[in-house]
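J.: Can you read through this structure? Questions will come right after.
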Amino acid sequence: MPLTELAVGDLRCIESAELRFSPGVNVLYGANGAGKTSLLEAIFLLGRGRSFRTRINERLIRHGCQEARVIGRLGDERSRQIGLGFRRTAGARADTTIRVDGRAAEGLAELATTFPVQILDPDAHKLIEESAGRRRRWLDWSVFHVEPVFGKAWTRYQRALAQRNAALKARQSPSMWDTELVKEGEVLTASRRQVVEALQPYWSRAVLELTGLEIQMSFHAGWDRQQSLQDSLTQHLTRDRERGSTGVGPHRADLSLRYQGKMAKEVLSRGQQKLTAVALALAQLEFLKDTVGLLPTVLLDDPSAELDQAHLERFIGRIQSLRTQLIVTALERNFGWFGAPESVFHVERGQVFRV
Ligand SMILES: Nc1ncnc2c1ncn2[C@@H]1O[C@H](COP(=O)(O)OP(=O)(O)OP(=O)(O)O)[C@@H](O)[C@H]1O
Ligand SMILES: [Mg+2]
């Protein structure tokens, strides 16, 4: 369901703003520092419960204020509502409350199902450049929406992993956690593997179209697949004891991107890396639509910084043809893409005006 209404209070530089979005293309334009990315951050929070800019929720609260609020309404009839609050505490962490349709949410999974949202921002190339964590989270978001068993297995796996690591740190035997870790770990891995396989044709097409290069995507489970996960845990036990944490398993999984046999980040230019990230996004969206009929709201933060005009038009055209909701930010009202957006907002020093 598309986001139809957004209300923001005391988040970043935005004291108060209310916006009504269209189900198609929406544009937020304004000068540097006006608050455009902060608005996308607010929207992203509705579907993810965390920011794409910081892990420290306290930073979201407007300076000098005690609490930040974000409320979103989804769909028209039978609409649903998500509300988030971040309250300052004595420590560095803000207290977070998440409500769906007026009652406390059952965790981040409920947000993700209620409001699927994806972002493509000027940091997108980090997906290629940085360590496995980002790519794993990117993949898992797809897997979560496609494989019904994934969400619970992931939660149980994380819990078992935390217990096992705590045992290792306390110099106790970690093996009582292995059964759970292995059981859930195999479920996670099978789901991830299936999704990567099904994603492949979408990926090859998108990456070839955007970069002109044949960049290979392959899945690494997080341990040596010649061995079972249990055998691998056993083999690494001495090292795990030394470092006080578990060094192998699905929490180390990665999606490797290679061009002519070399790691993409080592051989692709910055511009090519950005296009590769855009191709990943496009492949993911087309795959999710075909596989489970999922149409996430897509946030594009300053896409003209990523793409030249030809690529930008092609990309937005492809996303539009999926009929997914698009919320785009730009410095100028005419940002080099000449289609007609359904809604345009001018963002100026933390205030939002409908144009
Ligand atoms: N907690 C906060 N309280 C008040 N202001 C904040 C807070 N956090 C960030 N800001 C300010 O909010 C302003 C808007 O930032 P934002 O990133 O949303 O701008 P933007 O419109 O995306 O700009 P750009 O075009 O440069 O990307 C910045 O000037 C920033 O310093
Ligand atoms: Mg910005």
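The values are calculated or read from the model by the stated rules, or taken from the named source; none is laboratory data. Keep in mind the model is a prediction, meaning the values are calculated, not measured. Counting neighbours? That spans all protein chains shown, and the Cβs are built from the backbone with ideal geometry, glycine included. Accessible surface is based on the protein model in full, side chains and every heavy atom, while ligands, DNA and RNA are left aside. Shrake-Rupley method; radii C 1.70, N 1.55, O 1.52, S 1.80 Å.
J.: Which of Ala153, Ala68, Ala305 moves the most in a Gaussian network model of the chain with Cα springs under 10 Å?
T.: Highest fluctuation of the listed residues: Ala305.
J.: In square angstrom, rounded to the nearest 10, how much accessible surface does Met1 have for a 1.4 Å probe?
T.: About 100 Å², rounded to the nearest 10.
J.: Can you give the three extents of the C-alpha atoms in the chain along their principal axes, from longest to shortest, in whole Å?
T.: Here the spans come out as 63, 52, 36 Å, largest first.
J.: Cβ under 10 Å from Arg20's Cβ, Arg20 left aside: what net charge do those residues give with Lys, Arg +1 and Asp, Glu -1? The partial results should precede the final answer.
T.: Working: positive: Arg73, Arg354; negative: Glu5, Glu18.
Once positives and negatives cancel, what remains is 0.
J.: If you don't mind, another one. Please arrange Ser131, Ser256 by accessible surface area, largest first, computed with a 1.4 Å probe and ligands excluded. Write down the numbers at each step before the final one.
T.: Working: Ser131 85, Ser256 20 Å².
The ordering from most to least exposed comes out as Ser131, Ser256.
J.: Tell me, how many Å apart are the Cα centres for region 249-273 and for region 1-63?
T.: With region 249-273 and region 1-63 each reduced to a Cα centre, they are spaced 31 Å.
J.: Nearest-5 percent of antiparallel DSSP beta bridges in the chain? Don't jump to the answer; show the numbers that get you there.
T.: Values: 41 of 57 bridges.
Of the beta bridges lying entirely in the chain, close to 70 percent run antiparallel.
J.: Return the carbon/sulfur percentage of the accessible area of the chain, one whole number, probe 1.4 Å, all protein chains in place.
T.: On the way: 7960 of 16920 Å².
Exposed carbon and sulfur together represent 47 percent of the surface.
J.: Helix-only mean residue ellipticity at 222 nm, the chain, DSSP H runs n ≥ 4 weighted -39,500 (n - 2.57), per residue, nearest 500. What is it? Please report the intermediate quantities before stating the final value.
T.: Details: 11 runs with 147 residues, N = 355.
So the helix-based figure for the chain works out to -13000 deg cm²/dmol.
J.: Using only the alpha-carbon atoms of region 236-289, report the extent along each of the three principal axes, biggest first, to the nearest angstrom.
T.: 42, 31, 17
J.: For region 1-145, with every protein chain kept in place, what is the accessible area per residue (1.4 Å probe, Å²)?
T.: On the way: 6610 Å² over 145 residues.
Value returned for region 1-145: 46 Å² of accessible area per residue.
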